[in-house]
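Here is the structure we will look at.
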Amino acid sequence: MIKDYLEIGKITSTHGIRGEMRFQPWCDSPEFLTKFKTLYFDKKGEKAVKIKARSNGEMAILKIEGIETVEEAAKLRDKVLYMKRADARLPEGQYFIQELIDCKVYDADDESICYGVLSDVSQTGANDVWHIENDGKEYLIPAIPPVVISTDVVEGTIKIRPLRGIFDDEN
């Protein structure tokens, strides 16, 4: 489901004495965060803040306009920041993980078969692994082109051709 505002990461600690903060990005890389000039303290976009960000290994260093001291920065520890979805440009066919969560997963060849709901995504390095929940059971499928046939986050549906045996019930 397309959301107007998405979680982009969390402030983890201060950095230096001039109000900078260490930021754990919840995106593919800290470089993605550097493309934004405005982030939000809420998922409705009502509390906007101007930012400057730079990459620092797996983390980012974030400077929020108006935060000038280490004491002010420390008060923001553990705050989650949101990005405006319209400010992000993704290549066609790519989606944010948050948009995939809660999509219903159907069989690509027989839409009467619903495998469940996508509940989580694990990033393994080689390919993502999608967690599909159905009746209290969790199934793991590789998010690879032969398996994932189509994704429509606007409609909240995913069509797959699962690998043999994944959805076979254990006896």
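The values are calculated or read from the model by the stated rules, or taken from the named source; none is laboratory data. Everything numeric in this text was worked out from a predicted model, so none of it was measured. Glycine gets a Cβ as well: all are built from the backbone with ideal geometry, and neighbour counts include every protein chain shown.
Screening the candidates Asn127, Asn134 for the property of being touching a Pro at 6+ places or on another chain (Cβ under 6 Å) and either farther than 16 Å from Met1 by Cβ or surrounded by 11 or more Cβ atoms within 10 Å (Cβ to Cβ) (or both) yields one hit, Asn127. Only one of the numbered conditions (1) among the charged types (D, E, K, R); (2) assigned by TED's automatic domain parsing to the domain that holds Phe36; (3) part of a loop (DSSP other than H, G, I, E, B) is violated by Asp109, and that is (2). If the condition is being polar (S, T, N, Q) and more than 23 Å from Gln94 (Cβ to Cβ), then region 109-147 contributes Ser112, Asn134. Being under 25 Å from Arg85 (Cα atoms), out of contact with any Leu (no Cβ under 9 Å at 6 or more places or on another chain) and in contact (Cβ under 8 Å) with a residue 24 or more places away in the chain is a condition met by at least one residue of region 131-150.
Could you say which residue among Ile113, Ile97, Ile141 is more than 25 Å from Leu33 (Cβ to Cβ), in contact with an Asp or Glu (Cβ under 9 Å, 6 or more places away or on another chain) and among the aliphatic types (A, V, I, L, M)?
Working: Ile97 fails: more than 25 Å from Leu33 (Cβ to Cβ); Ile141 fails: in contact with an Asp or Glu (Cβ under 9 Å, 6 or more places away or on another chain).
After ruling out the rest, the residue left standing is Ile113.
Take the conditions in the same structural domain as Lys50 (by TED's automatic domain parsing), in contact (Cβ under 8 Å) with a residue 40 or more places away in the chain and in contact with a Lys or Arg (Cβ under 8 Å, 6 or more places away or on another chain) and apply them to Asp78. Does it pass? Can you show your working first?
Numbers: in the same structural domain as Lys50 (by TED's automatic domain parsing): yes; in contact (Cβ under 8 Å) with a residue 40 or more places away in the chain: yes; in contact with a Lys or Arg (Cβ under 8 Å, 6 or more places away or on another chain): yes.
Against the criterion (in the same structural domain as Lys50 (by TED's automatic domain parsing), in contact (Cβ under 8 Å) with a residue 40 or more places away in the chain and in contact with a Lys or Arg (Cβ under 8 Å, 6 or more places away or on another chain)), Asp78 qualifies.
For region 103-148, the set of residues classified as more than 16 Å from Leu163 (Cα to Cα), of a type in the set (Gly, Ala, Ser) and within 18 Å of the chain's Cα centre (by Cα) consists of Ser119, Ser122, Gly125, Ala126, listed by residue number.
Hey, among the residues in region 92-124 that are among the small types (Gly, Ala, Ser) and in contact (Cβ under 8 Å) with a residue 24 or more places away in the chain, which one's surrounded by the most Cβ atoms within 10 Å (Cβ to Cβ)? If you could, list the steps in order and put the result at the bottom.
Step one: filter region 92-124 for residues among the small types (Gly, Ala, Ser), giving 93, 108, 112, 116, 119, 122.
Next, only the ones that are in contact (Cβ under 8 Å) with a residue 24 or more places away in the chain stay: 93, 108.
Working: Gly93: 7, Ala108: 15.
Residue satisfying both the conditions and the ranking: Ala108.
In region 1-21, of all residues being surrounded by fewer than 18 Cβ atoms within 10 Å (Cβ to Cβ) and in contact with a strand residue (DSSP E or B) (Cβ under 9 Å, 6 or more places away or on another chain), the one that is modelled with the lowest pLDDT corresponds to Asp4.
Just to confirm my filter: which strands (runs of 3 or more DSSP E) fall fully inside region 1-101 and include at least 2 residues that are over 30 Å from Ile141 (Cα atoms)? Show your work before the answer.
Working: elements: 5-15, 20-25, 38-40, 48-56, 59-64, 80-84.
Hits in region 1-101: 5-15, 20-25, 38-40, 48-56, 59-64.
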